[in-house]
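Every number in this text was worked out from the coordinates using simple rules, so none of it is lab data. These numbers were taken from a predicted model, which means no experiment stands behind them. For neighbour counting, all protein chains shown are included, and Cβ atoms are generated from backbone atoms with ideal geometry for every residue, glycine included.
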There are 2 protein chains.
Amino acid sequence: MTPPFEYRTVDMTDEEFAEEQAVYGGLTEALRRLNEVSLRTTMPHDVILEATRKVEELSELLSAEMIPGNFGVVVTTSGHVRGYGNTVVGMRNAIAPPLKIVQDHVKGGASSEFFLNALYEGPPGKVHGGVLALVLDQIFGEAAAAGGTPGMTGTLTLRYRQPTPLGACSAEAWVDSTAGIKTIVKGALKDAEGNVTVEAEGLFILPRWAREQLAASGETPPQYE
Amino acid sequence: MTPPFEYRTVDMTDEEFAEEQAVYGGLTEALRRLNEVSLRTTMPHDVILEATRKVEELSELLSAEMIPGNFGVVVTTSGHVRGYGNTVVGMRNAIAPPLKIVQDHVKGGASSEFFLNALYEGPPGKVHGGVLALVLDQIFGEAAAAGGTPGMTGTLTLRYRQPTPLGACSAEAWVDSTAGIKTIVKGALKDAEGNVTVEAEGLFILPRWAREQLAASGETPPQYE
């Protein structure tokens, strides 16, 4: 069975990796702010039109040289894994909040504290229910991996207990049980007051191609950073 | 019981509404492109640093006047509902793909055809599983509303059948059954080839405050546009 995706390797030292993070990370942070400001601005139309032209000029400039499609996952020769494009944690993805997820390799779990601003709104003043599913899916996957049983999401069930106000949030997930290639992860999301607003359960399955690849290499799969 | 959120009303004619859509919609579209280009660009570091400065200047300019927090939902005096901030469909939200969702008020359902670019990546070349949950949650909510039984997501269960390649996707959802304030919605997401990649089921519940508000006004709740 052919792996549905592959990892690329690039030649890069630790120093080059750090500089890349600073430069591209800075651009992405600036864009995150511009995305939010552009949603909330009440400046007059002529200013908005002028800003639009400048944004278009920047796209023109930056698109002169770019990779042909999606970012993918790249492994550097110094051993860093660059999952820069990931929608939740990607360092170069301006739509990622981004989450910093802490993995617990001893107990098999993952947790994160993060802030969801006006861009993540569903009902007025509340986080979009689907955004909560999005962040939980990422945290759950990293919990399964931290537990030593990485996998792709098979099923995900979310129970919304109450609306989650925009702002500070936290979430944690832990491996509940494992059986062969299947791992059950459970977790919860809390609002700034510490109230549980969403409970969730996920089944993660290690695909056959990945099992074959792991067996051949004798290695554990790379983690995002 | 106090409604957890409220709708604001603004005085605006149809013409003003259309102009606002064109101006702010244009800025948001330009930003969507810049977000993607910035993820994929391979331009040298000095160009990236110069672009970062320009993005920061734009944030400075546009943040001179803005609403204090989240966008919320605004109803114009001409009857339009502006859910501009919504993460999935918001016209002024640069992180929204955005989806255009078609509601079927006769059969009680909703569907959408959309394109997910490199910004929506999870596994290399594939749509992030949580992004699929995000778009389905929005479509499911609109299906429940189209069926005459709007509500907040109570539970959402997703079954991932196979990875979804980045690119063109489609999804549809329909009201499966209703019982009092509870509505069960079912649906599926397909890749560009028409293969079902995700199946889902959701339970939507009309909160008590909304039932009281509807009973008092004799009206159906507004739809996003």
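Table for the structure above
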item: Overall form of the protein assembly as shown per C-alpha gyration tensor (a/c, 1.5; a/b vs b/c); result: oblate
item: Inter-chain Cβ neighbour average for residues B:113-119, partner chain, 10 Å; result: 4
item: Cα-based radius of gyration of the range A:166-215 once divided by 2.2 N^0.38 Å, which approximates compact folds; result: 1.55
item: Environment charge at A:Val198 (Cβ cut-off 10 Å; Lys +1, Arg +1, Asp -1, Glu -1); result: +1
item: Label distances, nm, B:Ile181 versus same residue in remaining copies, Cβ-directed 7 Å point; result: 4.4
item: Cα gyration tensor category, rounded, prolate or oblate, for chain B with a/c compared to 1.5; result: oblate
item: Cβ neighbours within 10 Å from other chains - mean over B:40-50; result: 6
item: GluC sites (Glu not before Pro) restricted to the range B:56-149 and DSSP loop, no more than 14 other C-beta within 10 Å; result: B:Glu65
item: Nearest-first distances (nm) between copies at A:Arg211, label 7 Å from Cα via Cβ; result: 4.8
item: Helix-only CD estimate at 222 nm, as mean residue ellipticity for chain A, using -39500 (n - 2.57) per DSSP H run (n ≥ 4); result: -11000 deg cm²/dmol
item: Residue-averaged beta-carbon neighbours from other chains (10 angstrom radius) around A:95-108; result: 1
item: Spin-label model distance (nm) - A:Thr13 vs A:Ile181, 7 Å beyond Cα toward Cβ; result: 4.3
item: Distance cut-off 25 Å, percentage of C-alpha pairs in the range A:99-216 lying past it; result: 24
item: Per-copy distances of the A:Thr42 label point, shortest first, in nm (7 angstrom along Cα→Cβ); result: 4.6
item: Total charge dipole magnitude, the protein assembly as shown, about the Cα centre, Cβ charges on Lys, Arg, Asp, Glu only, Debye to nearest 20; result: 1540
item: Most mobile of B:Ser112, B:Ser170, B:Ser63 in a GNM of chain B (Cα contacts under 10 Å); result: B:Ser63
item: Computed over the range B:37-147, the ratio Rg/Rh where both radii use C-alpha atoms and Rh is Kirkwood; result: 1.06
